[in-house]
Amino acid sequence: MTVVSIFKLALFFTLTSTLVTISLQQEQPLLLNSAEQDSVYQVLSSINSATNWRTLFPDDLCSYPPHGVVCDYFTDPTTKNVTVHVTELSFGYVSDFTPNPSCSPNSTFSPLLFTSFKHLRKLFFYQCFTQTQAFVPVIPTTFGSSLEELVFINNPAFVGPLSGITGNFTSLRRLVLSGNGIHGAIPNAIGDLANIEEITLSRNKLSGKVSVNLCKLKKLKILDLSGNGFHGNVPSSVGNLTHLLKLDLSSNGFSGKIPESLSNLQALDFLDLSFNRFGNFGVPLFLAAMPRLKEVHLSGNLLGGEIPEIWGNLGGILGVGFSNMGLVGEIPASMGLHLRNLCYLGLDNNKLNGKVPEEFGFLEFVNEINLENNNLSGKLPFSANFTAKVGEKLRLKGNPELCVDEKLSHRESVGELKKCSKPDIPNPVLFIGVSHSGLLSSSSSFLVLLLFWGLWILLA
């Protein structure tokens, strides 16, 4: 055998060995390191200690994880080594479609969540902290640079200040803390979340003025602060959130005038400012310049004044909530004329008068109209088909001068209204023998009687 042949044979075996090694490496799955795996077990036990997680899921938790545990691969830019790490942790059974590990009433919050998972992108808790109090932890500054979603929903025993949970979340896109026991003011650090797209802090115990600078939140699409104890003026900087699709500040104590800067929110399709303490400045006229609006709710604010003629460019609106606002005057017919896609209309508990616009009866998609407790009058202009379609969600009681046609009075939704009285028509006079010849005959008989009466006077 020649030297060349030996060299070729050696090269062949070397290449074959390399290929086999590479193939075996590719077939061998990457495993979660033991420390991170153990941390996952401890966190699972903290939210439900009754389950033996190590027995139920004995294998690698990235290869065979419970629902709610998600892993991903990471390549070191220097060494090119590939490792696997936990990137999502979701707890709390939501539905059969998202069967996350269920939480027990005595769930606790494990501090390992903010120390052992440096590649975590999503942390989700649903109805986990409901009885045993769990305090908002102090998050280390070294954690959070990868976190994109932080979600706590319906955890009333999860308590503490909001300032303790903001952290170093430079990549955060969604901050959803809804229905928890979080209290205090909104920290200024919220204004530095430059990549944030959703801030939902609804149904907590937050309070104070909203003084945080919102100008940096250029990507924000959802801002929901509803169901808290905020007060003072709504900051005009909200008008700088030009990508905002939803603004919900309902059920707080905001006061003063609704800022004109909201007219800059040209992408907005949902606006809810209901049940605050905004002053007697009337319905904002700038609504007319927000053509993408689909829902507008101002109920529970005594804005006063008449319903303005602002509806010409708002044909996409599906819902209008103007209840209990101290509104006076008549309902504009233009609402029925332009709001052709309207599904819900609430004008109840105001001081509106006049007739119900007959244009409302041609709203094809409407399924609820509430006009209760006003001073409306006249005949209800709706057809039998319309009242049948809307059914019991056609609410009209509390308008004593509003009446309904007799043929509609049997409908349950309008049954409380009085029947419209028929117009007074004078009774026709009954003439006997009204023909021309009959009139001549009556006249002749009268003359004969008169002649006999005169003769009797002369002869007497």
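What residue among 386, 288, 371 has its Cα farthest toward the positive end of the dipole of segment 279-421, where the charges are +1 on Lys, Arg and -1 on Asp, Glu, each on the Cβ? Final value for the positive-end residue is 386.
Between residue 384 and residue 81, residue separation times 0.36 nm minus the direct Cα-Cα distance comes to 101.7 nm. Share of carbon and sulfur in the accessible area of segment 279-421 stands at 47%, probe radius 1.4 Å.
Taking θ as phi - 60° and the Karplus parameters 6.51, -1.76 and 1.60, the scalar couplings of segment 53-68 work out to 5, 5, 6, 6, 10, x, 8, 4, 6, 8, 7, 10, x, x, 4, x Hz in sequence order, x denoting glycine and proline.
For segment 181-189, the Karplus equation 6.51 cos²θ - 1.76 cosθ + 1.60, evaluated at θ = phi - 60°, returns couplings of x, 6, 10, x, 8, 7, x, 4, 4 Hz by residue, with Gly and Pro reported as x. Take the Cα of residue 368, step 7 Å toward its Cβ, do the same at residue 261, and the gap between the two points is 3.3 nm.
Between the C-alpha center of segment 56-135 and that of segment 218-245 there is a gap of 31 Å.
With N denoting the number of residues in segment 279-421, provide Rg(C-alpha) divided by 2.2 N^0.38 Å, to two decimal places.
1.00
The calculated FRET efficiency for residue 330 paired with residue 211, based on their beta-carbon distance and R0 = 41 Å, is about 0.50. Sequence-ordered 3J(HN,Hα) estimates for segment 308-324 from the Karplus curve with 6.51, -1.76 and 1.60 and θ = phi - 60° stand at x, 8, 10, 9, x, 9, 10, x, x, 5, 9, x, 10, x, 10, 7, 6 Hz, glycine and proline given as x.
When the pairs 389/418; 209/257; 118/205 are compared against a 26 Å limit on Cα-Cα distance, 118/205 fall above it.
Placing +1 on the Cβ of every Lys and Arg and -1 on the Cβ of every Asp and Glu, with no other charges, gives segment 279-421 a dipole of roughly 120 debye about its Cα centre.
In what sequence, highest mean first, do 247-260, 305-318 appear when ranked by Cβ atoms within 10 angstrom? It would help to have the intermediate numbers written out before the result.
Working: 247-260: 18.6, 305-318: 16.9.
Result, highest mean Cβ count within 10 Å first: 247-260, 305-318.
Going through the cross-link list 218/246; 351/407; 122/219, which pairs have a Cα-Cα distance over 22 Å in this structure?
Details: 218/246 14 Å; 351/407 28 Å; 122/219 19 Å.
In this structure, 351/407 lie more than 22 Å apart at Cα.
Modelled this way, with points 7 Å down the Cα-to-C-beta line, the labels at residue 355 and residue 194 are 6.1 nm from one another.
Quantify how much of the Cα-Cα distance distribution of segment 21-171 extends past 21 Å, in percent. Could you put the intermediate results ahead of the total?
Working: 5261 of 11325 pairs.
The share of Cα pairs beyond 21 Å in segment 21-171 comes to 46 percent.
The mean accessible area for residues of segment 137-216, using a 1.4 Å probe and ignoring ligands and nucleic acids, is 38 Å² per residue. Straight-line cross-link reach from residue 355 at under 13 Å between alpha-carbon atoms covers these aspartates and glutamates, not counting any fewer than eight positions away in the same chain: 330, 401.
Once the C-beta distance of residue 236 and residue 131 is scaled by a Förster radius of 56 Å, the resulting FRET efficiency is 0.85 to the nearest 0.05. Placing R0 at 30 angstrom, the Cβ-Cβ distance between residue 141 and residue 34 gives a FRET efficiency of 0.65 after rounding to 0.05.
The values are calculated or read from the model by the stated rules, or taken from the named source; none is laboratory data. Computed from a predicted structure; not experimentally measured. Cβ atoms come from the backbone with ideal geometry, glycine included; neighbour counts cover every protein chain shown. Note: accessible area is taken over every heavy atom of the protein model, side chains too, but ligands, DNA and RNA are not part of it. Shrake-Rupley method; radii C 1.70, N 1.55, O 1.52, S 1.80 Å.
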